[in-house]
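> What follows is a structure written as structure tokens; I'll ask about it next.
The values are calculated or read from the model by the stated rules, or taken from the named source; none is laboratory data. What you are looking at is a predicted structure, and each value in this text was computed from that prediction instead of being measured. Note that we place each Cβ from the backbone using ideal geometry, even for glycine, and neighbour counts take in every protein chain shown. Only protein heavy atoms, including side chains, enter the accessible area calculation; ligands, DNA and RNA are left aside. Shrake-Rupley method; radii C 1.70, N 1.55, O 1.52, S 1.80 Å.
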Amino acid sequence: MSSSDNAKKADKDQDEGEGGFFDKVKDFIQDIGEKIEDAVSFGKPTADVTGIHIPQISLEKVELIADVLITNPNPVPIPLVDIEYLIESEGRKLMSGTIPDAGTIEAHGSETVKIPVLLIYDDIKSTYGDIKPGSIIPYLVKVILHVDVPVIGRISLPLEKAGEIPVPYKPDVDISKIKFEKFSFEEATATLHLNLDNKNDFDLGLNALDYEIWLSNVSIASAETKESTNIKKQEVTTMTLPISFRPKDFGSAMWDMIRGKGTGYTIKGHIDVNTPFGHMKIPISREGGTTRLKKEDDDDDNDED
């Protein structure tokens, strides 16, 4: 073999030796990386909207809180970069927003993140005129969680949850009649017949009623009752309330009452009710109404509302 052949063979052996070395190093690094990845086991977090609550509701607004359970399967904490949320009803946007820097989910841990949302009824009704007071409207909450996961990077987790919310309407109130049981100019006892017209698409479970009543601008009764009753949706419920007052305080207006003429009244108060959506305290009022005073034995068939 010539010297040139020997040189070529030596170069070839050297290349093969170096290539084999680097291949072994590459395989070693890859093997170590796979073992580290298997040991560390980075994965995508999971999330679910576990519930939506209504902690507060009134005639003006409703507060919703969405509970989002996030589970982190990784051995290190992951930051919750921000939360985007949108509430819509039948494809129409009611409101949206973003919660930045929403916290951190601990390693191999789970945490419930609460997303508060406040809906103002006037804003909804002014935007969508066909949403009527007293109605129940469907809603869809859409949430996107943005998290940073080591190795994987930033990911987004979209979530949805549907439900219903009311647009409450305060009941109309009317005093249909006042029936006397005892009458003198010093003292009169009577039963007041109070109509509550529930124009909502849901029942109102009455827990308590407070009220003050004026006849001919004279306050005749102010009380609170704990009487429980169900005020059915789209119906008129009549309550009977005992009252007592001094007729002589009315002066000459008392004679018009005795003669059976219509008597002007004002009533103001509140009803404490349970609804399918939560507890409410609703104001009731009517000014400029007219009612009639009747004896206990008067025929109700001739009553006028």
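> Could you tell me whether A221 is touching a strand residue (DSSP E or B) at 6+ places or on another chain (Cβ under 7 Å), of a type outside the set (D, E, K, R) and touching a residue at least 60 places away in the same chain (Cβ under 8 Å)? Before you say what the answer is, go through the steps one by one.
Working: touching a strand residue (DSSP E or B) at 6+ places or on another chain (Cβ under 7 Å): yes; of a type outside the set (D, E, K, R): yes; touching a residue at least 60 places away in the same chain (Cβ under 8 Å): no.
So A221 does not fit the description; no.
> Kindly indicate whether D130 is more than 15 Å from the chain's Cα centre (by Cα) and not assigned by the TED database to the domain that holds N198. Walk me through how you get there before you give the answer.
On the way: more than 15 Å from the chain's Cα centre (by Cα): yes; not assigned by the TED database to the domain that holds N198: yes.
It is true that D130 is more than 15 Å from the chain's Cα centre (by Cα) and not assigned by the TED database to the domain that holds N198.
> Another question, then. Filter the stretch 202-211 for residues that are crowded, with 18+ Cβ neighbours inside 10 Å and farther than 30 Å from T50 by Cα and give the result.
L206, L209, Y211
> So which residues in the stretch 176-206 are under 16 Å from S285 (Cα atoms) and at pLDDT 90 or above? Spell out the reasoning first.
Going through the stretch 176-206, the residues under 16 Å from S285 (Cα atoms) turn out to be 176, 192-199.
Of everything in the stretch 176-206, those that are under 16 Å from S285 (Cα atoms) and at pLDDT 90 or above turn out to be H193, L194, N195, L196, D197, N198, K199.
> Hey, can you tell me all the residues within the stretch 117-141 that are open to solvent by 70 Å² or more (accessible area, probe 1.4 Å) and without any contact (Cβ under 8 Å) to a residue 60 or more places away in the chain? Before you say what the answer is, go through the steps one by one.
Going residue by residue through the stretch 117-141, those that are open to solvent by 70 Å² or more (accessible area, probe 1.4 Å) are 118, 122-123, 126-127, 130, 132.
Correct list: L118, D123, S126, T127, D130, K132.
> Right, another one. Condition test on K233, is it modelled with pLDDT of 85 or more, under 30 Å from L119 (Cα atoms), open to solvent by 10 Å² or more (accessible area, probe 1.4 Å) and touching a Lys or Arg at 6+ places or on another chain (Cβ under 9 Å)?
On the way: modelled with pLDDT of 85 or more: yes; under 30 Å from L119 (Cα atoms): yes; open to solvent by 10 Å² or more (accessible area, probe 1.4 Å): yes; touching a Lys or Arg at 6+ places or on another chain (Cβ under 9 Å): yes.
When the stated conditions are applied, K233 passes them.
> Follow-up. Could you tell me how many of the residues in the stretch 152-185 are part of a loop (DSSP other than H, G, I, E, B) and surrounded by fewer than 12 Cβ atoms within 10 Å (Cβ to Cβ)? First the steps, then the outcome.
Taking the stretch 152-185 first, the residues part of a loop (DSSP other than H, G, I, E, B) are 152, 167-171, 184-185.
Filter again for surrounded by fewer than 12 Cβ atoms within 10 Å (Cβ to Cβ), leaving 184-185.
Number satisfying all stated conditions: 2.
> Take S96 and tell me if it is at pLDDT below 90 and assigned by the TED database to the domain that holds V81.
Working: at pLDDT below 90: no; assigned by the TED database to the domain that holds V81: yes.
No; evaluated as a whole, the condition is false for this residue.
> Looking at D210 and the list (1) touching a Leu at 6+ places or on another chain (Cβ under 9 Å); (2) part of a strand (DSSP E or B); (3) touching a residue at least 24 places away in the same chain (Cβ under 8 Å); (4) within 17 Å of S285 (Cα to Cα), which single condition is not satisfied?
(1)
> Residues that are surrounded by 14 or more Cβ atoms within 10 Å (Cβ to Cβ), touching a Lys or Arg at 6+ places or on another chain (Cβ under 7 Å) and outside any strand (DSSP E or B): does the stretch 188-201 have at least one?
yes
> How about the stretch 102-135: which of its residues are in a helix (DSSP H, G or I) and basic (K, R)? Show your work before the answer.
In the first step, residues of the stretch 102-135 are kept if they are in a helix (DSSP H, G or I); the result is 121-127.
The answer is K125, and nothing else.
> Tell me which residues, restricted to the stretch 142-151, are open to solvent by 10 Å² or more (accessible area, probe 1.4 Å) and either hydroxyl-bearing (S, T, Y) or in contact with a Pro (Cβ under 8 Å, 6 or more places away or on another chain) (or both). Reasoning before the result, please.
Here is the first cut: in the stretch 142-151, the residues open to solvent by 10 Å² or more (accessible area, probe 1.4 Å) are 142, 144, 146, 148, 150-151.
Within the stretch 142-151, K142, I144, D148 qualify.
> Collect the residues in the stretch 90-111 that are open to solvent by 70 Å² or more (accessible area, probe 1.4 Å) and more than 17 Å from the chain's Cα centre (by Cα), keeping them in residue-number order. Give the derivation first.
Of the residues in the stretch 90-111, the ones open to solvent by 70 Å² or more (accessible area, probe 1.4 Å) are 90, 93, 98, 100-101, 106, 108, 110-111.
Scanning the stretch 90-111 gives E90, T98, P100, D101, E106, H108, S110, E111.
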